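Some notes on the structure that comes next.
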Amino acid sequence: MKKFFCNTWKRSMKMTVKLLGAAFFILHSSFVISCTDTWDDHYEGTSDHVLSGTLWQAIEGNQDLSNFAKVVKECGYDKSLASSQVFTVFAPVNAKFSAEEADALIAQYKTERATVNDDDNTVIKEFLQNHIALYNYSVSSQHSDSIVMMNGKYQTLNSGDFGGSTLLTNNGHYGNGVLFTIEDKVDYFPNVFEYVRKDADLDSLRSFLYNPRFYYKEFDPDQSVKGEVVDGRTTYQDSVFIQRNELFSDLGRLNAEDSTYWFIAPTNQVWKELIEKYETYYNYHDSITEDRDSMIFTNSRLAIVEGTVFSRTLNTDKMLQDSAMSTNAVLYYNSRKYMWGADTLHYYQYNDPARVFSGTQNVECSNGRVMKASQWNIKPTETFMRTRIIEAEGSGSVNELGKWINPDKTDKEHPSGTEEVATSVITLSSSNDNEYYDQVSNHGFIKAEPIVNGEQTKVTFNIPEVLSNVGYDIYLLTAPVAANDSTATEEQRVPTILECYLIYKDQLGQDNVYKGAGGKEVIGEKLGTFTTTPDAVDCFLLASNRKFDVCSYGLKKESEEAQVRLRIETNVAPAQIRRGTHTRTMYIDAIILKPHEE
């Protein structure tokens with residue numbers, strides 16, 4: 001495994017969602033206006049075809065619509081349908097929409113009203129708004145239209161039916177819209193996001209996706225109707241709120257009716273099993289008192305759902321024969337290099353879709369498919385459990401340089417015993433005509449050497465984004481001087497001897513301390529001593545299946561609060577320097593942590 005991994009390296013990185021309401025009037029007005037060129041006449045009451053009164057008066061006065069009218073009035077929509085705003089209403093008649101059904105809806109509306117606002121009330125969203133559209137629509141025998149209802153659903157309207165229900169009367173133009181009567185109510189077809197909320201087998205997933213910390217309403221002053229300014233503050237006659245779900249920026253707009261998604265949804269039992277395991281990977285140390293619980297909660301659950309949503313625009317039937325690209329996948333090689341550290345790495349995409357999708361129970365939705373998974377076929381190493389590549393020359397990679405005690409400083413500003421930096425570091429690169437160009441990770445490395453005679457070279461590197469309780473194989477890549485300077489002399493191309501020390505935080509946020517030579521306490525666990533090879537890119541396996549107690553994924557100020565660090569220092573004797581057989585100059589290419597595989 002070591003040989004294969006090292007040879008491979010030698011050869012070769014979150015959406016506002018707007019729901020329903022007045023926004024659809026703006027978004028679709030250009031389409032809707034084309035439905036009838038004479039609507040201005042209708043609206044002003046100058047057309048001979050306009051019937052007297054409002055939509056509500058027409059519904060209330062029709063005995064065949066008394067059950068529908070009862071629901072409209074109890075839910076407060078009678079006021080809207082009597083206003084100057086323009087609607088199209090598709091009202092089911094009493095023959096198949098009974099008084100008992102209407103009473104049941106009213107009871108449900110009243111029950112939900114005690115706990116949710118009207119926008120989330122299922123009776124309004126799934127019944128009333130499923131039969132009412134903003135603006136006006138008319139139908140002719142020549143064509144059919146796909147129209148947007150107030151709840152955002154698309155329904156088909158043609159000369160004979162609406163959404164699969166037979167039209168009994170059509171094109172009833174009134175002062176504020178158009179009235180159709182239909183044989184039966186139109187069933188509500190949930191989208192992917194809505195279905196998760198309805199299925200008891202997906203309660204655990206629903207609790208996460210609908211959690212108020214991610215799913216909330218936000219006031220939008222731009223779409224709200226302004227009123228007077230009172231005491232220097234603007235009041236609003238009509239306040240518009242936008243429904244937001246921060247998770248959609250990671251997963252995709254699962255509630256978008258104009259998109260098509262497949263969503264692998266873990267059942268409650270699978271969710272429970274995964275959470276028990278994944279929470280151990282996000283164990284932050286106790287010093288993070290304010291955000292610790294929240295970070296464990298959020299990151300362990302994102303680890304499950306990221307990589308489970310697939311846009312059918314990208315994942316066509318033909319493409320799915322070879323691979324499946326989730327919405328979290330990075331499509332381009334240069335972006336992968338930026339996100340993951342190498343263009344050869346890829347996550348959230350699967351080369352064997354049949355395995356990932358197998359064993360699911362598929363439920364068709366208005367914008368795609370929910371694939372209920374009672375077994376989990378996505379491997380952690382395909383998504384969140386990633387290989388960490390720390391380029392030595394990368395910004396923020398170096399945590400600390402070696403220091404020494406200067407005994408000669410006696411002035412007040414620099415008293416005796418002052419610590420001063422004893423190691424210098426510069427960045428070098430390998431040109432594309434250099435024989436080592438494709439062997440050096442990211443084509444760059446650092447040169448570190450002592451600036452004080454007699455001192456060893458010491459550099460400590462940050463290793464960020466490490467998961468807890470995950471076994472890592474830790475590698476160190478070094479470069480030869482010739483990777484930058486092909487004219488380097490034989491004296492410059494001699495090896496060096498490196499000692500590597502692993503430093504990591506414990507549950508209390510303290511660095512690990514070990515007994516060193518003579519019983520002296522030292523920070524860091526010695527991993528071993530390694531001798532570089534002249535004129536070669538070396539790949540040293542420092543530790544195998546090494547686990548850490550605490551997680552550093554997503555922590556801020558990583559360079560200052562690194563949970564894991566690697567200190568590398570030379571151990572070259574003065575005699576070896578005098579003989580010219582070794583050097584205290586080291587060339588560090590990269591540090592790699594790869595999840596261990598048996």
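The values are calculated or read from the model by the stated rules, or taken from the named source; none is laboratory data. Values in this document were obtained by computation on a predicted structure and should not be read as measured data. Glycine gets a Cβ as well: all are built from the backbone with ideal geometry, and neighbour counts include every protein chain shown. When the accessible area is computed, the model is the full protein with side chains, heavy atoms only, and any ligands, DNA or RNA have been set aside. Shrake-Rupley method; radii C 1.70, N 1.55, O 1.52, S 1.80 Å.
Numbers for the structure displayed
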{"read-out": "Candidate set: the range 323-343, residues that are in a loop (DSSP other than H, G, I, E, B) and at pLDDT below 80; chosen: the one nearest to residue 248 (Cα to Cα)", "value": "332"}
{"read-out": "For residue 424: the one exception among (1) in a strand (DSSP E or B); (2) modelled with pLDDT under 90; (3) of a type in the set (Ser, Thr, Tyr)", "value": "(2)"}
{"read-out": "Some residue of the range 561-571 being open to solvent by 60 Å² or more (accessible area, probe 1.4 Å) and within 31 Å of the chain's Cα centre (by Cα)", "value": "yes"}
{"read-out": "Residues within the range 145-190 that are under 20 Å from residue 93 (Cβ atoms), polar (S, T, N, Q) and in a loop (DSSP other than H, G, I, E, B), tallied", "value": "2"}
{"read-out": "Extreme residue, least open to solvent (accessible area, probe 1.4 Å), among residues of the range 173-215 that are among the polar types (S, T, N, Q) and closer than 25 Å to residue 250 by Cβ", "value": "191"}
{"read-out": "In the range 445-470, residue most open to solvent (accessible area, probe 1.4 Å) [restricted to those that are over 18 Å from residue 499 (Cβ atoms) and β-branched (Val, Ile, Thr)]", "value": "451"}
{"read-out": "Test result for residue 244, at pLDDT 70 or above, buried (at least 16 other Cβ atoms within 10 Å of the Cβ), closer than 27 Å to residue 305 by Cα and out of contact with any strand residue (DSSP E or B) (no Cβ under 7 Å at 6 or more places or on another chain)", "value": "no"}
{"read-out": "Flag if residue 473 is in a strand (DSSP E or B), within 36 Å of the chain's Cα centre (by Cα) and either surrounded by fewer than 17 Cβ atoms within 10 Å (Cβ to Cβ) or at pLDDT 90 or above (or both)", "value": "yes"}
